[in-house]
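For reference, the structure discussed in these notes is given below.
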Amino acid sequence: MQKIHSGNLTPATLHQLAHAKQFHEDASFLVDGVAIGLIGVVASVITTSENTTNITYQLDDGSDQLEAKLWLHTDLPKPRVPTGPYVLCYFAE
(Lines give C-alpha, C1' and ligand atoms only; values in the text may rest on other atoms or scores of the structure.)
Protein backbone atom coordinates (compact mmCIF):
# COMPACT_ATOMS: atom_id res chain seq x y z
CA MET A 1 0.00 0.00 0.00
CA GLN A 2 1.34 3.41 -0.92
CA LYS A 3 1.38 6.41 1.36
CA ILE A 4 -0.25 9.61 0.12
CA HIS A 5 1.30 13.01 0.81
CA SER A 6 -1.32 15.14 -0.94
CA GLY A 7 -1.44 18.02 1.53
CA ASN A 8 2.09 17.89 2.90
CA LEU A 9 5.29 19.34 1.52
CA THR A 10 7.48 16.45 0.35
CA PRO A 11 11.22 17.13 -0.02
CA ALA A 12 12.75 15.62 -3.16
CA THR A 13 15.76 15.85 -5.44
CA LEU A 14 15.58 16.70 -9.13
CA HIS A 15 16.78 13.16 -9.87
CA GLN A 16 13.75 11.77 -7.99
CA LEU A 17 11.41 14.09 -9.93
CA ALA A 18 12.99 13.16 -13.27
CA HIS A 19 12.21 9.51 -12.48
CA ALA A 20 8.73 10.03 -10.99
CA LYS A 21 6.06 7.76 -12.42
CA GLN A 22 2.46 8.45 -13.38
CA PHE A 23 0.43 5.40 -14.36
CA HIS A 24 -2.36 7.28 -16.14
CA GLU A 25 -3.29 10.89 -16.88
CA ASP A 26 -5.48 11.37 -13.79
CA ALA A 27 -3.17 9.55 -11.36
CA SER A 28 -0.84 11.23 -8.88
CA PHE A 29 2.87 11.18 -9.56
CA LEU A 30 4.82 8.65 -7.52
CA VAL A 31 8.26 9.47 -6.11
CA ASP A 32 9.95 6.40 -4.63
CA GLY A 33 6.54 4.69 -4.50
CA VAL A 34 4.83 7.54 -2.63
CA ALA A 35 2.02 9.61 -4.18
CA ILE A 36 2.93 13.28 -3.92
CA GLY A 37 1.10 16.56 -4.30
CA LEU A 38 3.40 19.41 -3.20
CA ILE A 39 7.17 19.03 -3.58
CA GLY A 40 10.03 21.17 -2.30
CA VAL A 41 13.46 21.21 -3.98
CA VAL A 42 16.54 23.27 -3.18
CA ALA A 43 18.38 23.95 -6.44
CA SER A 44 20.63 26.42 -8.19
CA VAL A 45 19.18 28.47 -11.06
CA ILE A 46 21.44 27.90 -14.09
CA THR A 47 19.55 29.94 -16.71
CA THR A 48 16.30 31.83 -17.09
CA SER A 49 14.27 32.60 -20.19
CA GLU A 50 11.32 35.01 -20.15
CA ASN A 51 8.32 34.80 -22.47
CA THR A 52 5.05 36.73 -22.37
CA THR A 53 3.20 33.91 -20.58
CA ASN A 54 5.92 32.20 -18.53
CA ILE A 55 9.48 32.18 -17.23
CA THR A 56 11.53 29.04 -17.84
CA TYR A 57 14.21 28.15 -15.29
CA GLN A 58 16.96 25.57 -15.77
CA LEU A 59 17.60 24.12 -12.30
CA ASP A 60 20.47 22.00 -10.95
CA ASP A 61 20.62 20.52 -7.45
CA GLY A 62 23.71 18.34 -7.91
CA SER A 63 21.68 15.18 -8.54
CA ASP A 64 20.18 16.18 -11.91
CA GLN A 65 19.01 19.14 -13.99
CA LEU A 66 15.40 20.04 -14.69
CA GLU A 67 13.54 22.69 -16.69
CA ALA A 68 10.73 24.35 -14.73
CA LYS A 69 8.13 26.84 -15.94
CA LEU A 70 6.52 29.55 -13.86
CA TRP A 71 3.25 30.64 -15.50
CA LEU A 72 2.72 34.38 -15.19
CA HIS A 73 -0.44 36.22 -14.20
CA THR A 74 -1.06 39.64 -15.72
CA ASP A 75 -2.18 41.15 -12.40
CA LEU A 76 0.95 40.10 -10.47
CA PRO A 77 4.50 41.47 -10.82
CA LYS A 78 7.12 39.25 -12.45
CA PRO A 79 9.41 37.62 -9.89
CA ARG A 80 13.12 38.39 -10.14
CA VAL A 81 15.21 35.27 -9.57
CA PRO A 82 18.92 35.73 -10.26
CA THR A 83 20.98 32.87 -11.68
CA GLY A 84 23.49 31.18 -9.44
CA PRO A 85 22.15 31.16 -5.89
CA TYR A 86 20.23 28.28 -4.42
CA VAL A 87 16.48 28.75 -4.21
CA LEU A 88 13.67 26.74 -2.66
CA CYS A 89 11.30 25.68 -5.43
CA TYR A 90 7.79 24.39 -4.88
CA PHE A 91 6.20 22.10 -7.44
CA ALA A 92 2.50 21.28 -7.24
CA GLU A 93 0.75 18.50 -9.06
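The values are calculated or read from the model by the stated rules, or taken from the named source; none is laboratory data. Just so you know, these numbers come straight off a predicted model, no measurement behind them. Here the Cβ is made from the backbone with ideal geometry for all residues, glycine too, and neighbour counts use every protein chain on show. Each accessible area value is taken on the protein alone, full model and side chains, heavy atoms only, with ligands, DNA and RNA left out. Shrake-Rupley method; radii C 1.70, N 1.55, O 1.52, S 1.80 Å.
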TODO: Select from region 42-52 the residues that are of a type outside the set (S, T, N, Q) and open to solvent by 40 Å² or more (accessible area, probe 1.4 Å) and write down the one among them that is nearest to residue 20 (Cα to Cα).
DONE: 42
Open item on the list: Checking residue 25 against (1) more than 20 Å from residue 87 (Cα to Cα); (2) in contact with a strand residue (DSSP E or B) (Cβ under 7 Å, 6 or more places away or on another chain); (3) modelled with pLDDT under 90, only one condition comes out false. Which one?
Closed with: (2)
- [ ] Working carefully through the options 39, 55, find the one that is in contact (Cβ under 8 Å) with a residue 24 or more places away in the chain, closer than 14 Å to residue 92 by Cβ, open to solvent by less than 80 Å² (accessible area, probe 1.4 Å) and part of a strand (DSSP E or B).
- [x] 39
- [ ] Taking residue 69 as the residue in question, decide whether it is touching a residue at least 12 places away in the same chain (Cβ under 8 Å), in a strand (DSSP E or B) and of a type in the set (Lys, Arg).
- [x] yes
Open item on the list: I need every pair where a residue in region 73-92 that is surrounded by 10 or more Cβ atoms within 10 Å (Cβ to Cβ) has its Cβ under 8 Å from the Cβ of a residue that is part of a loop (DSSP other than H, G, I, E, B), sequence separation at least 6 or different chains.
Closed with: 78/72; 87/81
Open item on the list: Condition (residue is more than 13 Å from the chain's Cα centre (by Cα) and open to solvent by less than 30 Å² (accessible area, probe 1.4 Å)) applied to region 10-32: is it met by at least one residue?
Closed with: yes
